[in-house]
Amino acid sequence: MKKHNFNAGPSILPREVIEDTAKAILDFNGSGLSLMEISHRAKDFQPVVDEAVALFKELLHIPEGYSVLFLGGGASLQFCMVPYNFLEKKAAYLNTGTWAKKALKEAKGLGQTIEVATSADANFTYIPKDYTIPDDVDYFHITTNNTIFGTELKKDLDVHVPMVADMSSDILSRPVDVSKYICIYGGAQKNLAPAGVTFVIVKNDAVGKVSRYIPTMLNYQTHIDGGSMFNTPPVVPIYAALLTLRWIKAQGGVEAMERRAIERADMLYAEIDSNKLFQGTAVKEDRSRMNICFVMAPEYKELEADFLKFATDNGMVGIKGHRSVGGFRASCYNAMPKESVQALIDCMQAFEAMH
């Protein structure tokens with residue numbers, strides 16, 4: 001039976017990326033050595049990093065004056081690296097869910113922070129709209145897509161202060177005006193690569209402005225100067241990221257990724273809204289294209305475990321919702337084929353017909 005991978009992360013990758021990475025793990029570049037055992041400073045590997053950086057810049061139209069870094073530690077390490085490097089007097093945060101809250105917590109330990117708005121009052125089912133960002137903050141931090149609660153900022157905000165964004169789960173799924181940001185970061189294990197590498201897009205002249213001592217490994221300048229090679233980087237995930245970036249370009253770039261994301265999301269939300277058994281959790285205008293969250297309608301709540309089993313028996317993988325929301329979550333990242341979304345829709349319709 002075909003499996004349909006809706007895991008929230010680590011998550012689906014293009015099949016050819018998986019197969020070509022597997023080949024390189026057996027024999028990298030005809031060297032007779034595995035990708036897992038070559039030196040990151042080998043002449044064969046430097047072009048991998050160089051091409052990955054170049055493709056990132058090309059696909060997102062990153063302007064001059066920005067560096068693309070491949071680091072370890074996940075987005076969770078960036079939660080403290082960001083304030084270490086940019087927070088001098090005060091920072092503003094938009095709290096739209098679990099990861100935004102964690103980022104805010106780390107910043108609080110390094111200086112004055114302001115939570116400009118939160119949607120905690122409604123279990124993060126919407127993105128706050130009416131709030132004021134103080135003029136004197138060093139930066140304004142946002143989380144563009146909220147994997148647990150299924151909300152997403154689908155366009156770049158227009159603000160009057162430098163922005164920092166956690167784009168872990170929607171990077172490369174839509175065009176981004178990078179010039180609005182001093183830093184964009186994210187774990188790669190949703191739209192880009194296997195777990196283990198973190199991408200950081202950082203504006204070079206925004207670094208080096210704070211007066212505090214920054215530990216060497218937490219200083220963006222260290223990694224800008226070292227070209228992501230200050231210490232041993234996660235070699236295999238970087239190689240897989242390169243293959244994914246090549247795949248995205250071949251598919252038509254981020255513009256094509258956005259068209260596909262809209263098509264998948266429209267299909268699945270239409271079924272959620274028309275099927276008597278289910279209902280969406282996020283307000284319609286803020287619904288995520290990447291993480292589609294839904295629950296059983298109240299009068300059918302007792303069928304939740306039955307549907308999960310039915311869907312799993314029919315090849316759906318990873319659709320159980322996060323414990324803080326319950327219900328179901330279909331994560332539809334860039335590599336998700338439309339056929340898998342249709343298979344889930346078919347499951348939902350078949351289950352409705354049974355009840």
Spot the failing condition for residue 291; the list is (1) more than 20 Å from residue 6 (Cα to Cα); (2) touching a residue at least 60 places away in the same chain (Cβ under 8 Å), and only one is missed. (1)
Which of the residues belonging to segment 44-92 are under 27 Å from residue 102 (Cα atoms) and open to solvent by 30 Å² or more (accessible area, probe 1.4 Å)? 72, 73, 76, 77, 84, 88, 89, 90
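Determine whether residue 121 is among the acidic types (Asp, Glu) and outside any helix (DSSP H, G or I).
Working: among the acidic types (Asp, Glu): yes; outside any helix (DSSP H, G or I): no.
When the stated conditions are applied, residue 121 does not pass them.
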Segment 322-333, residues that are under 15 Å from residue 149 (Cβ atoms) and either hydroxyl-bearing (Ser, Thr, Tyr) or open to solvent by less than 10 Å² (accessible area, probe 1.4 Å) (or both): 324, 327, 328, 330, 331
What do you reckon, is residue 56 touching a residue at least 40 places away in the same chain (Cβ under 8 Å) and touching a strand residue (DSSP E or B) at 6+ places or on another chain (Cβ under 6 Å)? yes
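If you go through segment 199-245 one residue at a time, how many are β-branched (Val, Ile, Thr) and in contact with a strand residue (DSSP E or B) (Cβ under 6 Å, 6 or more places away or on another chain)?
First, pick out the residues of segment 199-245 that are β-branched (Val, Ile, Thr): 200-202, 207, 210, 214, 216, 222, 224, 232, 235-236, 238, 244.
Still in the list and also in contact with a strand residue (DSSP E or B) (Cβ under 6 Å, 6 or more places away or on another chain): 200-202, 224, 238.
Residues flagged as β-branched (Val, Ile, Thr) and in contact with a strand residue (DSSP E or B) (Cβ under 6 Å, 6 or more places away or on another chain) within segment 199-245 amount to 5.
Against the condition more than 19 Å from residue 221 (Cα to Cα), assigned to a strand (DSSP E or B) and at pLDDT 95 or above, how does residue 68 come out, does it pass?
Working: more than 19 Å from residue 221 (Cα to Cα): no; assigned to a strand (DSSP E or B): yes; at pLDDT 95 or above: yes.
Judged against the criteria, residue 68 is not a match.
I need the full set of residues from segment 98-117 which are among the small types (Gly, Ala, Ser) and either in contact with a Gly (Cβ under 7 Å, 6 or more places away or on another chain) or closer than 22 Å to residue 130 by Cβ (or both), in order please.
First, the residues of segment 98-117 that are among the small types (Gly, Ala, Ser): 100, 103, 107, 109, 111, 117.
Hits for segment 98-117 are 100, 103, 117.
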Evaluate segment 158-166: report whether one residue or more is surrounded by fewer than 20 Cβ atoms within 10 Å (Cβ to Cβ), of a type in the set (A, V, I, L, M, F, W, C) and assigned to a loop (DSSP other than H, G, I, E, B). yes
Give the residue, chosen from 108, 102, that is of a type in the set (D, E, K, R) and touching a helix residue (DSSP H, G or I) at 6+ places or on another chain (Cβ under 7 Å). 102
Kindly list, by first and then second residue, each pair from a residue in segment 13-31 that is more than 12 Å from residue 236 (Cα to Cα) to a residue that is of a type in the set (A, V, I, L, M) and open to solvent by 60 Å² or more (accessible area, probe 1.4 Å), limited to pairs with Cβ atoms under 9 Å and residues at least 6 apart or on different chains. 27/33
Only one of these conditions is not met by residue 186: (1) under 15 Å from the mean Cα position of the chain (by Cα); (2) closer than 26 Å to residue 213 by Cα; (3) part of a loop (DSSP other than H, G, I, E, B); (4) of a type outside the set (A, V, I, L, M). Which number is it? (3)
Would you confirm, using the coordinates I've provided, whether residue 62 is part of a loop (DSSP other than H, G, I, E, B) and closer than 22 Å to residue 205 by Cα? yes
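Sort out which residues of segment 273-298 are assigned to a strand (DSSP E or B), open to solvent by less than 30 Å² (accessible area, probe 1.4 Å) and not aromatic (Phe, Trp, Tyr), and write them in order of number.
Correct list: 280, 287, 291, 292, 293, 295, 296.
Being open to solvent by 10 Å² or more (accessible area, probe 1.4 Å) and more than 30 Å from residue 120 (Cα to Cα) narrows it down to one residue among 254, 236; which is it?
Values: 254 fails: open to solvent by 10 Å² or more (accessible area, probe 1.4 Å).
So the residue among 254, 236 that is open to solvent by 10 Å² or more (accessible area, probe 1.4 Å) and more than 30 Å from residue 120 (Cα to Cα) is 236.
The values are calculated or read from the model by the stated rules, or taken from the named source; none is laboratory data. For clarity, every value in this text was computed on a predicted model and none was experimentally measured. Glycine gets a Cβ as well: all are built from the backbone with ideal geometry, and neighbour counts include every protein chain shown. Please note that ligands, DNA and RNA were not included when accessible areas were found on the heavy atoms of the full protein model with its side chains. Shrake-Rupley method; radii C 1.70, N 1.55, O 1.52, S 1.80 Å.
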